[in-house]
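Report on one structure; see the data block that follows.
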Ligand SMILES: Nc1ncnc2c1ncn2[C@@H]1O[C@H](COP(=O)(O)OP(=O)(O)OP(=O)(O)O)[C@@H](O)[C@H]1O
Ligand SMILES: [Mg+2]
């Protein structure tokens, strides 16, 4: 009901008033009385009818205006709610689809679009979007109760996800699907299981040896002092090995747990101390130990942990080098400290290089006698990465290996000296 209706509303009263005025005028000008009276009364009637009609029109107009502004308000509120639901859904780290009963996608949040790298999934079948028959089947089989499942997706990459599908409710046939990526969780669980299995295996071998030797000593009635000595030495070696394993495990778990406490420390004396620890072993083997470093190199780091890293690398270099030189180099390069440990030893076959930083990984048990635990380099990598640094290795068989660390210097500068 607009301005035109409003204008038309005044036409009837105007017509009535006009007719009434003409009747009065005609009577005054001496026209016949009766027709003038009839016209006057008719004019008055039309005028009154028109006024009543106009009142009704004005009232209706007001009602329509109120209804219109209420519906505009409701629409605005609806739009606000839709924006809130959209931004909530798009902020979730869970993929959400809304499908119709045939499995056509009606809505997909941002995570769903990212997860399946499908730019505009609306109007497409959930099968076409996810390339998963299992997901399609799950959506197709839903009845009243929600369905949960763990599905493996192979597109766009291998992934394991926890999926839940449920009906929208309120008699609707529409179906919600939520997908949570748990690939990383499952990987960590596998790493943990492997780790426990590895620890048990590593510990069982020396335990079995110790028990067998001790039993032989107990049963042996020949009084052969040489044999007894050999067995006892072997038992001591195996106990040392167990001690080494437990020490390495403690270092690893200490590095993994808790907050990393860093302070400004000079890497040069830490390197010197680490070299001093292997000095005797190197001298026994006739190896040269060389340190190339500036007077000082300050970094924000946990000094004890970095010391452990240096010791592990230098110990390896000495252990796996028969002759030549072990060199340690320290320098700063842009925002990083670069630490290199280089040897002229047996080297590492290239096929083993990608795995040597894994826990308990040893290239070849025969060449590492007396056997290490295979935890040294995994400790190195863990500590350096928790400091925000990187570890890399280059090696040539029978020519030597180069281990390089890059460690962020942070805000580090020399610690304030004693006040004068
Ligand atoms: N400098 C090196 N030269 C040659 N091989 C090396 C060198 N450093 C490491 N490796 C190889 O990588 C493997 C893993 O090293 P890692 O330090 O983790 O274990 P480990 O030395 O055997 O035992 P430990 O835990 O006692 O250090 C070693 O077994 C060895 O085969
Ligand atoms: Mg080692």
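Bear in mind these aren't lab numbers, they're just calculated from the coordinates by the rules spelled out. Note that this is a predicted model, so its numbers are computed, not measured. Every residue, glycine among them, receives a Cβ derived from its backbone with ideal geometry; neighbour counts consider all protein chains shown.
Couple of notes before you dig in:
- Per-selection metrics, region 255-302 (Cα): Rg and Dmax in Å: 14.3, 41
- Spatial offset of region 372-401 relative to region 285-348 amounts to 11 Å, using the alpha carbon center of each.
- Residue order, fewest to most beta carbons within 10 Å, for 382, 352: 352, 382
- Gain on full stretching of the segment that runs from residue 48 to residue 332 - 0.36 nm per residue minus C-alpha separation: 92.1 nm
- Part-to-part distance (alpha-carbon centres) for region 248-273 and region 14-43, which is given in Å: 113 Å
- Expected 222 nm ellipticity per residue - DSSP helices of 4 or more, -39500 (n - 2.57), all of the chain, to 500: -18000 deg cm²/dmol
- FRET efficiency, residue 216 to residue 76 (Cβ-Cβ, R0 56 Å, nearest 0.05): 0.05
- Principal-axis tilt of helix 376-386 within the chain, Cα atoms, nearest 10 degrees: 30 degrees
- Cβ-Cβ FRET estimate between residue 393 and residue 186, R0 fixed at 30 Å, reported to 0.05: 0.55
- Full-stretch length increase - residue 24, residue 193 - with 0.36 nm per residue and alpha-carbon distance subtracted: 49.8 nm
- Nearest-0.05 FRET efficiency for residue 11 and residue 134, computed from C-beta distance (R0 60 Å): 0.25
- Between 0 and 90°, nearest 10: helix 11-28 axis offset from the chain longest Cα axis: 20 degrees
- Point-to-point label distance, residue 88-residue 38, nm (Cα→Cβ direction, 7 Å offset): 7.4 nm
- Relative to the dominant Cα principal axis of the chain, helix 267-285 is inclined by about 30°.
- Of all DSSP beta bridges in the chain, antiparallel share, percent nearest 5: 90 percent
- Square roots of 5 times each gyration tensor eigenvalue, C-alpha, region 33-137, largest first, Å: 65, 16, 8
- Restricting the calculation to Cα atoms, region 187-258 shows an Rg/Rh of 1.18 when the hydrodynamic-style radius is the Kirkwood one.
- Taking every alpha-carbon pair in the chain and binning the separations at 10 Å intervals from zero gives 4, 13, 14, 12, 12, 11, 8, 5, 4, 4, 4, 3, 3, 2, 1, 0, 0 percent.
- Label-point separation, residue 174 to residue 102 (7 Å along Cα→Cβ), nm: 1.7 nm
- Tail weight of P(r) past 22 Å, computed on alpha-carbon pairs of region 259-420, percent: 40 percent
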